[in-house]
Amino acid sequence: METVILHPRELGKRKIIILFLCLLIGFVLRFYTFEKKSLWLDEVHTFNESRDDLKGQLKFYREYPTHLQPPLFFVLSHLLYPFSKPERDLRIIPLIFGTLSIPMIYFLSKMFSPVTALPCTLSLTFMAYHISLSQEGRSYALLMFLGMLSLFLFMNYMKSAKLGYLILVSFLWAIMI
């Protein structure tokens, strides 16, 4: 049996192709039937809470400061209001951020261990729970993406001590909360 040794550039091209395929497959899995299911009760709450713009959201959170859901998702989904087809329109943002989580997990896991980056990416691509969260009109996929992005930026700050990374991390955590 002959041993094949790959040049580092060839290995990089293969990883890029695999990452692109994971992104494509992940999008297809998350897009497939994402508007076919009727709205769940908590998605109806999203529908109702997305009616207010930023000013209305801030007023709501002043009146109900213990409300568990962060307002960012409702403000973003308000941009699609009025919803011509709520089963589709409420789920567009989670679909986008759920799909963007696939390359994000690759870059994040690569910082911890380059060997595990592709297995982690493949796992998230086919993870039924994540696919389901990316098809729901709730903030979970967005918050997961922003959490991974903030951890990625924080790890970059720890490596380089550049203040810009820390400012971005602080901003991301502020908008998530």
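Remind me, relative contact order of the chain in percent, using alpha carbon pairs under 8 angstrom and six or more residues apart? Walk me through the numbers on the way to the answer.
Working: 193 pairs, mean separation 45.3, N = 177.
Once divided by the residue count of the chain, the mean separation gives 26 percent.
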Reach of Lys162 by Cα under 30 Å, taken over lysines that are not fewer than 8 positions away in the same chain:
Lys13, Lys15, Lys110
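Among the trypsin sites (Lys or Arg not before Pro) within the range 6-80, which fall in a DSSP loop and have no more than 10 other Cβ atoms within 10 Å of their own Cβ? Show your work: numbers first, answer last.
On the way: sites: Arg9, Lys13, Arg14, Lys15, Arg30, Lys36, Lys37, Arg51, Lys55, Lys59, Arg62; in loops: Lys36, Lys37, Arg51.
Filter output for the range 6-80: Lys36.
Just the accessible area per residue of the chain, please: how many Å² with a 1.4 Å probe?
Details: 10990 Å² over 177 residues.
Value returned for the chain: 62 Å² of accessible area per residue.
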Mind checking the angle between helix 92-112 and the chain's longest principal axis? C-alpha axes, 0 to 90 degrees, to the nearest 10.
40 degrees
How large is the charge dipole for the chain, taken about the Cα centre, if only the Cβ atoms of Lys, Arg (+1) and Asp, Glu (-1) carry charge, to the nearest 20 debye?
440 debye
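Net charge near Leu124, counting Lys/Arg +1 and Asp/Glu -1 over other residues with Cβ under 15 Å of its Cβ? Don't skip to the answer; put the middle values down first.
Values: positive: Arg30, Lys110; negative: none.
My count for the surroundings of Leu124 gives +2.
Rank these by accessible area, largest first, 1.4 Å probe: Val169, Val75, Val115, Val28.
Numbers: Val169 15, Val75 35, Val115 125, Val28 85 Å².
Largest to smallest exposure gives the sequence Val115, Val28, Val75, Val169.
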Nearest 10 degrees, 0 to 90: what angle lies between the long axis of helix 117-126 and the longest principal axis of the chain (Cα atoms)?
40 degrees
Report the Cα centroid-to-centroid distance between the range 111-134 and the range 16-85 in angstrom, as an integer.
22 Å
Listed values (1) 16.5, 49; (2) 15.4, 48; (3) 18.9, 71, entry calculated as Rg and Dmax of the Cα atoms in Å:
(3)
Rounded to 10°, Cα long-axis angle of helix 8-31 versus longest principal axis of the chain:
30 degrees
Ignoring ligands, DNA and RNA, how do Phe154, Phe73, Phe145 rank by accessible area with a 1.4 Å probe, largest first?
Phe154, Phe145, Phe73
Peptide ranges 156-166, 95-105, 81-91 listed from the most packed, as the mean C-beta count within 10 angstrom indicates
95-105, 81-91, 156-166
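The values are calculated or read from the model by the stated rules, or taken from the named source; none is laboratory data. Since we're looking at a predicted model, the values are computed, not measured. Don't worry about glycine lacking a Cβ; one is built from the backbone with ideal geometry, like all the others, and counts go over all protein chains shown. Surface accessibility is based on the protein's heavy atoms, side chains included, excluding ligands, DNA and RNA. Shrake-Rupley method; radii C 1.70, N 1.55, O 1.52, S 1.80 Å.
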